[in-house]
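Let me begin by presenting the structure, written as structure tokens, before commenting on it.
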Amino acid sequence: MGILLSIIKTSLSDFDRNKLRTFLTSLGILIGVSSVILLVSLGVGLKNYITEQFENLGSNILIAMPGQIFGGDRQMTGGNFSGITFTEKDYLAIAKVSGIKAVAPAYVKTVSVSFEGKTEIGSYYGTTAEIFPMRNLEAGYGQIFSAGDVEKRKKIIVVGPKIAEKLFGNMGSFVGKTVKIEDQGFKVSGILKSKGGGGFGGPDFDSFLYVPYKSSPKINQEKKFSVINFQADSETVIDTVKESVTALLERSYDEEDFSVIEQTQIQETVTSIFAILNGVLVAIAAISLIVGGIGIMNIMYITVTERIREIGIRRAMGATRRNILSQFLFEAVFLSFIGGSFGLIVSLVIVFIGSRYFPLAIDLMSVVVALTVSTTIGVVFGVLPARKAALLSPVEAIRYE
Amino acid sequence: MITLAHVNKIYQIDGEEFYALRDINLEIKQGEFTAILGPSGCGKSTLMHIIGLLDTPTSGTLLINNKDITKLDDNELSRLRNEFAGFIFQQFNLINKLTVLENIMLPTIYSAKKYSYEPKTRALELMDRFGILIKQKSYPNKLSGGQQQRVAIARALLNEPKIILADEPTGNLDSKTGKNILDLIRELNQKEGMTVVLVTHDREIAESCQRHISMLDGKIV
Ligand SMILES: Nc1ncnc2c1ncn2[C@@H]1O[C@H](COP(=O)(O)OP(=O)(O)OP(=O)(O)O)[C@@H](O)[C@H]1O
Ligand SMILES: [Mg+2]
């Protein structure tokens with residue numbers, strides 16, 4: 001009891017005497033701990049953000065697309081990787097599979113779209129009305145088109161907010177006007193609300209030009225589709241639905257020419273890419289913790305040398321080796337613990353402010369880890385200097401000048 | 001109380017053996033006042049350090065209360081340093097960042113002793129007795145040499161040791177202050193029956209003691 005109190009008191013008075021030195025030594029750990037926490041929270045925040053973005057794109061969604069997605073390109077907006085395209089027959093067959101709630105095939109093509117002399121590049125998305133509820137897309141102005149509109153081959157268009165802003169600038173008043181795509185006129189039926197996203201590997205639904213697939217024989221003469229989105233009734237039937245659709249498509253296509261994937265697979269892939277990147281960054285930051293630890297070791301060696309005489313006196317008064325070891329080990333741990341705690345505070349402040357601009361999220365785990373790691377660093381890098389102090393022979397220490 | 005038999009202390013200097021102590025045979029009895037006399041470098045401090053368990057002999061045996069201390073581990077040795085011996089050094093050896101009172105109380109921190117008295121009360125009594133009570137909150141480097149040595153003596157006495165080992169306690173003091181300190185140590189021996197070993201350069205002082213031993217080149221002569 002007396003010894004513990006004395007150890008703490010001695011350390012505190014020593015830090016008090018060497019304030020600048022204590023501060024500079026802890027600074028190394030402070031920087032290390034806060035950069036690790038910040039990068040971890042960036043990783044956690046990014047993961048949450050990606051998950052949120054994908055959840056926003058609808059749940060239990062599967063996509064049939066040409067080519068082998070996990071062997072090649074990861075863009076899911078489609079493209080003729082394998083050369084095949086799906087047909088209207090495929091679409092109607094998939095719609096009959098049990099366990100499927102909605103199907104939205106899409107013909108995707110890069111087109112130029114013009115409005116009153118202004119021309120922009122956009123993605124034509126020839127599809128069915130089911131795309132809107134499936135992908136949680138809502139009209140911000142005007143309205144989305146209906147299944148009836150598709151059957152009636154109405155020449156109408158629903159414009160994604162991003163492309164709408166480029167084309168129209170101020171958006172609302174353009175509902176009902178006509179835009180031209182490849183010399184064909186389409187009346188603007190609605191403009192979608194923004195969904196954000198698109199930046200993390202998901203499709204950018206904000207920049208599509210949605211047109212009923214039957215309405216534009218010139219652009220898509222054979223009514224082919226580059227991708228078929230469909231939605232399972234529930235999570236439990238996803239696997240069965242996936243198998244049924246795969247089997248169905250295998251009747252018409254070679255199994256290597258198309259793939260049926262779950263949206264969550266894409267999400268996982270994207271998430272894992274970011275996790276790897278983040279892991280590398282955290283590992284680099286962790287090196288600064290080691291550097292901080294070496295700083296502590298250095299200072300502790302200096303401290304031991306400066307206090308050899310004192311160690312000798314304490315030994316002469318009956319201090320055991322273990323007493324001396326505890327004293328210096330405690331000081332090293334205390335130094336790095338101070339650094340760790342302040343590093344934690346600094347990173348909490350930065351996360352608090354920075355979360356308005358970046359996806360940052362702190363989790364309790366990183367707080368626990370930061371304090372444990374900094375304490376451990378104190379022990380690891382403090383043990384050698386402390387051992388040196390403890391192993392000094394009393395007579396050598398007391399004769400030391 | 002203390003028996004040294006055939007004690008050697010050998011240092012290796014440039015590959016050659018140097019005998020700081022050579023075949024020391026010595027017995028110190030309880031209540032004795034022993035003075036050790038000899039020229040500089042003859043091994044007086046080395047001998048004191050061995051008796052005070054700050055150092056170990058290269059060969060030979062050291063018995064304390066008939067126990068062979070070469071067989072003790074660090075914990076047991078530390079405990080003896082704490083409870084058995086009170087060391088007084090020529091250079092005072094106080095810790096300057098601790099107050100006078102904290103210095104005197106230092107042995108209690110490392111003590112496993114069951115105190116039959118309140119250590120702080122004893123510390124205050126000793127300070128009072130040595131005329132340094134008003135300095136209890138001062139730091140040692142603000143004290144005169146004589147005062148510092150009194151602090152050191154109070155510290156040595158705090159745990160009621162069985163023996164006081166004083167290695168030239170007056171070496172850093174003027175003769176008047178030195179005499180004062182010596183009287184104090186003598187008084188401990190005479191009034192309380194404290195066993196004392198005193199190292200000195202001064203033949204006169206040595207001869208005034210109950211028993212004196214002369215050393216030369218690591219040997220008792
Ligand atoms: N660690 C050491 N290594 C080598 N030689 C040493 C060591 N410690 C002491 N000595 C030598 O041992 C001899 C005895 O030293 P010691 O300090 O015991 O002398 P002393 O009699 O106390 O002298 P003084 O009166 O000057 O204090 C000296 O010659 C000294 O140089
Ligand atoms: Mg000496």
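Odds and ends about this structure:
- Filter result for B:Glu102 (among the charged types (D, E, K, R), closer than 19 Å to B:Ala154 by Cα and surrounded by 15 or more Cβ atoms within 10 Å (Cβ to Cβ)): yes
- Close pairs from the stretch A:227-243: first among the aromatic types (Phe, Trp, Tyr), partner open to solvent by less than 10 Å² (accessible area, probe 1.4 Å), Cβ under 6 Å, at least 6 apart: A:Phe230/A:Leu62; A:Phe230/A:Ile94; A:Phe230/A:Val103
- Count - residues of the stretch B:187-207 that are open to solvent by less than 10 Å² (accessible area, probe 1.4 Å) and either out of contact with any helix residue (DSSP H, G or I) (no Cβ under 9 Å at 6 or more places or on another chain) or of a type in the set (Gly, Ala, Ser) (or both): 1
- Only residues that are farther than 11 Å from A:Ile338 by Cβ and either surrounded by fewer than 18 Cβ atoms within 10 Å (Cβ to Cβ) or within 14 Å of another protein chain (Cβ to nearest Cβ) (or both) were counted across the stretch A:13-34, and they come to 9.
- You will find that of B:Ala166, B:Ala156, the residue that is within 16 Å of ligand 2 (Cβ to nearest atom), within 15 Å of the chain's Cα centre (by Cα), open to solvent by less than 30 Å² (accessible area, probe 1.4 Å) and under 13 Å from B:Phe87 (Cβ atoms) is B:Ala166 and no other.
- Out of A:Gly72, A:Gly78, sole residue that is modelled with pLDDT under 85, over 30 Å from A:Thr303 (Cβ atoms) and buried (at least 22 other Cβ atoms within 10 Å of the Cβ): A:Gly78
- In the stretch B:7-29, the count of residues that are among the β-branched types (Val, Ile, Thr), more than 16 Å from ligand 2 (Cβ to nearest atom) and open to solvent by less than 30 Å² (accessible area, probe 1.4 Å) is one or more.
- Test set (1) in a loop (DSSP other than H, G, I, E, B); (2) free of Cβ contacts under 8 Å to residues at least 24 places away in the same chain; (3) surrounded by 16 or more Cβ atoms within 10 Å (Cβ to Cβ) - A:Glu310 fails condition number: (1)
- Candidates in the stretch B:138-191 are the residues that are within 16 Å of ligand 1 (Cβ to nearest atom) and closer than 19 Å to B:Lys29 by Cα; of these, the one that is farthest from the other protein chains (Cβ to nearest Cβ) is B:Ala166.
- B:Asn159 vs. criteria among the polar types (S, T, N, Q) and assigned to a helix (DSSP H, G or I): no
- Count of the stretch B:56-91 residues, restricted to those that are within 16 Å of ligand 2 (Cβ to nearest atom) and surrounded by 22 or more Cβ atoms within 10 Å (Cβ to Cβ), is 3.
- Residue match in the stretch A:211-224 (condition: under 32 Å from the mean Cα position of the chain (by Cα), on the phi < 0 side of the Ramachandran plot and surrounded by 15 or more Cβ atoms within 10 Å (Cβ to Cβ)): no
- The stretch B:169-186, subset within 16 Å of ligand 2 (Cβ to nearest atom) and closer than 20 Å to A:Ala316 by Cβ, residue most open to solvent (accessible area, probe 1.4 Å): B:Asn172
- Pairing residues of the stretch B:196-212 that are within 14 Å of another protein chain (Cβ to nearest Cβ) and under 16 Å from B:Ile51 (Cα atoms) with residues that are more than 16 Å from ligand 1 (Cβ to nearest atom) and part of a strand (DSSP E or B), at Cβ distances under 8 Å and at least 6 apart in sequence or on separate chains, gives no pairs at all.
- Restricting the stretch B:54-79 to residues that are more than 8 Å from chain A (Cβ to nearest Cβ) and aliphatic (A, V, I, L, M), the residue that is nearest to A:Met317 (Cα to Cα) is B:Leu77.
- In the stretch A:262-307, the residues that are within 14 Å of chain B (Cβ to nearest Cβ) and surrounded by fewer than 18 Cβ atoms within 10 Å (Cβ to Cβ): A:Glu306
- Selection status of B:Thr46, closer than 20 Å to B:Lys219 by Cα and over 19 Å from the mean Cα position of the chain (by Cα): no
- Flag if A:Val380 is of a type in the set (Val, Ile, Thr) and either buried (at least 16 other Cβ atoms within 10 Å of the Cβ) or within 16 Å of ligand 2 (Cβ to nearest atom) (or both): yes
- Candidates in the stretch A:317-341 are the residues that are open to solvent by less than 40 Å² (accessible area, probe 1.4 Å) and of a type in the set (S, T, N, Q); of these, the one that is nearest to the other protein chains (Cβ to nearest Cβ) is A:Thr320.
The values are calculated or read from the model by the stated rules, or taken from the named source; none is laboratory data. What you see is a predicted model; the values in this text were computed from it and never measured. A quick note on method: Cβ atoms are made from the backbone with ideal geometry, for glycine too, and the neighbour counts reach across all protein chains shown. With ligands, DNA and RNA removed, areas are computed over all heavy atoms of the protein, side chains included. Shrake-Rupley method; radii C 1.70, N 1.55, O 1.52, S 1.80 Å.
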